[in-house]
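A short write-up of the structure that comes next.
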Number of protein chains: 2
Amino acid sequence: MVDPLPDRLRRSFLEILGPTGLLTDPTVIDGYTVDWTGRFRGSSRAVLRPGSTEEVAATIELCRREGLALVPQGGNTGLVGGSVPHEGELVLSSRRLTALGAIDRRDAQVTVGAGVTLAAVQQAAAALDLDVPVDLAARDSATIGGMVATNAGGTQVVRWGTMRHHLVGHEAVVGTGQVVSHLSGLVKDNTGYDLGGLLCGSEGTLGVFTSVRIALVPRPPFRVTALCGFADVESMLDAAATWRRAIPELDALEAFTGAGLALVVARAGRADPFRDRHRWYLLVEVSGRQDPTDHLGDVVDATPGIAEVVVATEPGARARLWSLREDLSLAINALGPPLKLDVSVPAGAAAQFLGTVGDVVAAVVPGARTWLFGHIGDGNVHVNVTGADPDGEAVADAVLRLVARDGGSISAEHGIGVAKKRWLHLSRSAAEIDVFRSVKRTLDPDGILNPHVLL
Amino acid sequence: MVDPLPDRLRRSFLEILGPTGLLTDPTVIDGYTVDWTGRFRGSSRAVLRPGSTEEVAATIELCRREGLALVPQGGNTGLVGGSVPHEGELVLSSRRLTALGAIDRRDAQVTVGAGVTLAAVQQAAAALDLDVPVDLAARDSATIGGMVATNAGGTQVVRWGTMRHHLVGHEAVVGTGQVVSHLSGLVKDNTGYDLGGLLCGSEGTLGVFTSVRIALVPRPPFRVTALCGFADVESMLDAAATWRRAIPELDALEAFTGAGLALVVARAGRADPFRDRHRWYLLVEVSGRQDPTDHLGDVVDATPGIAEVVVATEPGARARLWSLREDLSLAINALGPPLKLDVSVPAGAAAQFLGTVGDVVAAVVPGARTWLFGHIGDGNVHVNVTGADPDGEAVADAVLRLVARDGGSISAEHGIGVAKKRWLHLSRSAAEIDVFRSVKRTLDPDGILNPHVLL
């Protein structure tokens, strides 16, 4: 429990935010203080819900004066505890920043309030045969502001890159209370430092996005999904590497294991589309202005090591294949809160890593179960461990050291949050972390923005 | 003239850099103190040529202690005076940072010393059927370090984006002397702030790149170039907008005028491939794994307003079409140093801008001649003015205000340098410039890096 907000502060916040902008009822606040996996739980005296950039700026200025720490929160779908108030910070919610601009068809861009969900932008874009280049399973909850603040990746990075690649304009309030607004969306614009790119991926520690302009991509008329079963990890990785080079319109390249498929079948009631069970599966999706089915078929036929393949072109059948991959997180979560580690490994080290990480985990916690899946097309592996303490530092330590030894990243797309702070030094040098701290002090001199995250 | 370097400093630099790393002969230094257009000329007591990141760090540390300002210089091909010592600064040259790593075929990346020229990387990449995604006419002199420091654009941005999009790793020394090194090149790596992206485009004011890792792109076997003549600017712009949407493998979309073509023919001895002279020309280049000639032909045939078209598929013929565009800068320069303004305008304002900018210039300096060309596919127009003072602020002021009024950028790809400092406020708010200054103070607290540039 935390003390209630003093009347003086309540009045000040009400003046800035209005009655719909301030939540202080503990039962209402409760939903904002825990992440969806249940792993990170904190407390807060108030949820602040500004409705404009000016209200965000005034809120941050007030918090600076009063020395109040804030945790920016979008859809709260993160996995590293980056959007939960850990020690009584106030929650700065983007839920009321929901303006969705008209899509400019000529330059395929749109200006979006930070609190708009990915699904809402996808829907608006689809009406003009356009698409958001970043997609992820949490699309109905994840907000664009949160996705930019964390440089979200997801399933289509192999084709389009991460959010930073598509951020063409921003409006944000930095920790000093200054508003930096540059929403023109010009493709070429070398007029100073890339503040948008700096804030992107900073996990709310430097500033708060209120609105962003993002580039959309064409939504091709044809799309085909194939799920291939492999008898061993090397064949699966060789196929992934070959397909990346051979298929220019490759939208996704996702890997998961036979054990994962069995879990989804058992827990989520999905049907196994295969005759046999295989050790590894690779889901590949290709799109095009011409029907790519034949080309994909040729490429798959020419790939050694495929034990069985299922192809889907019709949206319902494609969605069923995707559900085998996308339901995996929830199915694992249903076994109890897992320890979740999101890492990336260089292509040359992937086979070694996938082959040994389960043993490394079991050596630390005998009986623990390691689930491997992820966006293998860009080296991104989600390591989930069940049957061990989800906060168990020994398992995380062993896995992250293995990653660092192989030249990988201890956080591919989820960020550092609070969960990986103590291992940041495995991926970043002391000099880099020192420079990060200098940048943090500059843009958030009072340390009020997400103070327990990243550094 | 400047005083020679005191013996004490000479000895200190020699200790760090060795005899090949320090140039103090005034006749040798002279070539480092003027830009290629002859517009920006300064002076210096020494050119420092470190051969490693450690030598760069030691040089910057010494300069910090001694309060000596530095101008980082790559190929010195910039156009805004960003790499010339204006008030006696020392020149920090990257010419000896020429290590070119082996290209990793699996992830299509390469680690390159800052002083390696674009042409050298292009040549190494071509041997593996890969290409550098940014290309520009100064490729034989422009260095990769300079291109990253200025976020270079060039002719292929319409397809691939600017340098920042392809920077996947960096090693740099910031103004504090700290080395930030992150060369792993992982596609997904959310472990802290994007320092590489922040330094990219900072024009040497925050740090000095010593080595970068860049992503390469496939070099497709087929490539076709067409040059189309148009009777009016609206038809040309409509064609450019349509082709951007209709041709997914569009590599370049360059515009220039009939007057520009006539100048290149007269000054550079190039042959005019057309029967008639036209008001505007659009050079379009398309590549593909299948021969795109027929598809381009169909698209061109379906485009209204084309008066005449020349298509080239053979490398020599393609190069001849490109020379009509690429020789334009030199041909204009031969008329005497021009006033060069590099701007971008939103698609909706381009016709108005191209139609009026010549009149705006002539109203300020009657008899001045305005040459328009550029990467029209991304709204980037190079405005060159001859017959006026190349440093004439009145003309620049009139043009840049016109750009800003239309929501454009006062610097599309050349950067701010010293040339556009006084107009930065047209594209950036006071709050943004204030934040830029804070970032500058943080990473270069003594203000020794390129002190006369940008801010």
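Based on this model, can you work out whether residue B:89 counts as among the charged types (D, E, K, R) and crowded, with 16+ Cβ neighbours inside 10 Å? Answer is yes for this residue. For region B:426-437, taking the residues that are farther than 11 Å from residue A:193 by Cα and assigned to a helix (DSSP H, G or I), the one that is nearest to the chain's Cα centre (by Cα) is identified as B:427.
Among the residues that make up region A:2-12, is at least one of them assigned to a helix (DSSP H, G or I), buried (at least 20 other Cβ atoms within 10 Å of the Cβ) and either without any contact (Cβ under 8 Å) to a residue 12 or more places away in the chain or not aliphatic (A, V, I, L, M) (or both)? Scanning region A:2-12, I find no residue that is assigned to a helix (DSSP H, G or I), buried (at least 20 other Cβ atoms within 10 Å of the Cβ) and either without any contact (Cβ under 8 Å) to a residue 12 or more places away in the chain or not aliphatic (A, V, I, L, M) (or both), so the answer is no. For residue A:446, the criteria (1) farther than 18 Å from residue A:339 by Cα; (2) assigned to a helix (DSSP H, G or I); (3) among the acidic types (Asp, Glu); (4) more than 10 Å from chain B (Cβ to nearest Cβ) hold in every case but one, which is (2).
The rows are residues; the columns are (1) under 17 Å from the mean Cα position of the chain (by Cα); (2) open to solvent by 30 Å² or more (accessible area, probe 1.4 Å); (3) more than 26 Å from residue B:251 (Cβ to Cβ).
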residue	(1), (2), (3)
B:164	yes, yes, no
B:175	no, no, yes
B:180	no, no, yes
B:186	no, no, yes
B:190	no, no, yes
B:193	no, no, yes
B:196	no, no, no
B:215	no, no, no
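Screening region A:99-214 for helices (runs of 4 or more DSSP H) wholly inside it with 1 or more residues that are under 29 Å from residue B:423 (Cα atoms) and either at pLDDT below 95 or within 12 Å of chain B (Cβ to nearest Cβ) (or both) returns the ranges A:195-199.
The listed residues are A:286, A:300, and the only one of them that is in a helix (DSSP H, G or I), among the aliphatic types (A, V, I, L, M) and closer than 17 Å to residue A:252 by Cα turns out to be A:300.
Taking region B:136-153 only, how many residues are open to solvent by 20 Å² or more (accessible area, probe 1.4 Å) and over 15 Å from residue B:97 (Cα atoms)? Number of matching residues: 6. Does residue B:244 meet the test of being open to solvent by 10 Å² or more (accessible area, probe 1.4 Å) and either within 14 Å of chain A (Cβ to nearest Cβ) or modelled with pLDDT of 95 or more (or both)? Answer is yes for this residue. If you check residue B:282 against the conditions, is it within 23 Å of the chain's Cα centre (by Cα), aliphatic (A, V, I, L, M), within 14 Å of another protein chain (Cβ to nearest Cβ) and open to solvent by less than 50 Å² (accessible area, probe 1.4 Å)? Answer is no for this residue. Output the residue which, of all residues in region B:401-413 that are surrounded by fewer than 24 Cβ atoms within 10 Å (Cβ to Cβ) and not charged (D, E, K, R), is farthest from residue B:195 (Cα to Cα). If we take residues in region B:401-413 being surrounded by fewer than 24 Cβ atoms within 10 Å (Cβ to Cβ) and not charged (D, E, K, R), then B:402 is farthest from residue B:195 (Cα to Cα). Taken residue by residue, region A:221-240 has no member that is touching a Ser or Thr at 6+ places or on another chain (Cβ under 7 Å), touching a residue at least 12 places away in the same chain (Cβ under 8 Å) and within 12 Å of chain B (Cβ to nearest Cβ). Please indicate, with yes or no, whether at least one residue in region A:75-97 is touching a Lys or Arg at 6+ places or on another chain (Cβ under 8 Å), closer than 22 Å to residue A:186 by Cβ and either assigned to a strand (DSSP E or B) or of a type in the set (Val, Ile, Thr) (or both). No; the residues of region A:75-97 include none that is touching a Lys or Arg at 6+ places or on another chain (Cβ under 8 Å), closer than 22 Å to residue A:186 by Cβ and either assigned to a strand (DSSP E or B) or of a type in the set (Val, Ile, Thr) (or both). Test of understanding: among A:446, A:391, A:434, which residue is modelled with pLDDT under 95, open to solvent by 40 Å² or more (accessible area, probe 1.4 Å) and at negative phi? Of A:446, A:391, A:434, the one residue that is modelled with pLDDT under 95, open to solvent by 40 Å² or more (accessible area, probe 1.4 Å) and at negative phi is A:391.
With the requirement that a residue be in contact with a strand residue (DSSP E or B) (Cβ under 6 Å, 6 or more places away or on another chain), more than 10 Å from chain A (Cβ to nearest Cβ) and closer than 25 Å to residue B:236 by Cα, what does region B:382-423 give you? Answer for region B:382-423, where residues must be in contact with a strand residue (DSSP E or B) (Cβ under 6 Å, 6 or more places away or on another chain), more than 10 Å from chain A (Cβ to nearest Cβ) and closer than 25 Å to residue B:236 by Cα: B:382, B:383, B:384, B:385, B:386, B:399, B:403. Quick check, is residue A:323 closer than 18 Å to residue A:138 by Cα and open to solvent by less than 30 Å² (accessible area, probe 1.4 Å)? So residue A:323 fits the description; yes.
Out of all the residues in region B:436-446, is one or more in contact with a His (Cβ under 9 Å, 6 or more places away or on another chain) and over 20 Å from residue B:173 (Cβ atoms)? No, there is no match, as no residue in region B:436-446 is in contact with a His (Cβ under 9 Å, 6 or more places away or on another chain) and over 20 Å from residue B:173 (Cβ atoms). Only one entry of A:378, A:406, A:444, A:391 meets the criterion of being under 18 Å from the mean Cα position of the chain (by Cα) and touching a residue at least 60 places away in the same chain (Cβ under 8 Å), and that entry is A:378. Taken as a whole, the condition of being open to solvent by 60 Å² or more (accessible area, probe 1.4 Å) and among the hydrophobic types (A, V, I, L, M, F, W, C) does not apply to residue A:299. Residue A:360 - would you say it is more than 22 Å from the chain's Cα centre (by Cα) and closer than 24 Å to residue A:235 by Cβ? Yes, satisfied. Against the definition (at pLDDT 95 or above and open to solvent by less than 80 Å² (accessible area, probe 1.4 Å)), how does residue A:17 come out, yes or no? Considered against the rule, which asks whether it is at pLDDT 95 or above and open to solvent by less than 80 Å² (accessible area, probe 1.4 Å), residue A:17 comes out as yes. Among (1) touching a Ser or Thr at 6+ places or on another chain (Cβ under 9 Å); (2) within 22 Å of residue B:269 (Cα to Cα); (3) surrounded by 19 or more Cβ atoms within 10 Å (Cβ to Cβ); (4) not aromatic (Phe, Trp, Tyr), there is one condition residue B:336 misses while meeting the rest; what is its number? Failing condition for residue B:336: (3). Note on region B:217-241: residues that are open to solvent by less than 10 Å² (accessible area, probe 1.4 Å) and outside any helix (DSSP H, G or I) total 7.
The values are calculated or read from the model by the stated rules, or taken from the named source; none is laboratory data. Bear in mind that the values here come from a model prediction, so they are computed numbers and not experimental data. Every residue, glycine among them, receives a Cβ derived from its backbone with ideal geometry; neighbour counts consider all protein chains shown. In case anyone asks, the SASA skips ligands and DNA or RNA and just uses the protein heavy atoms, side chains included. Shrake-Rupley method; radii C 1.70, N 1.55, O 1.52, S 1.80 Å.
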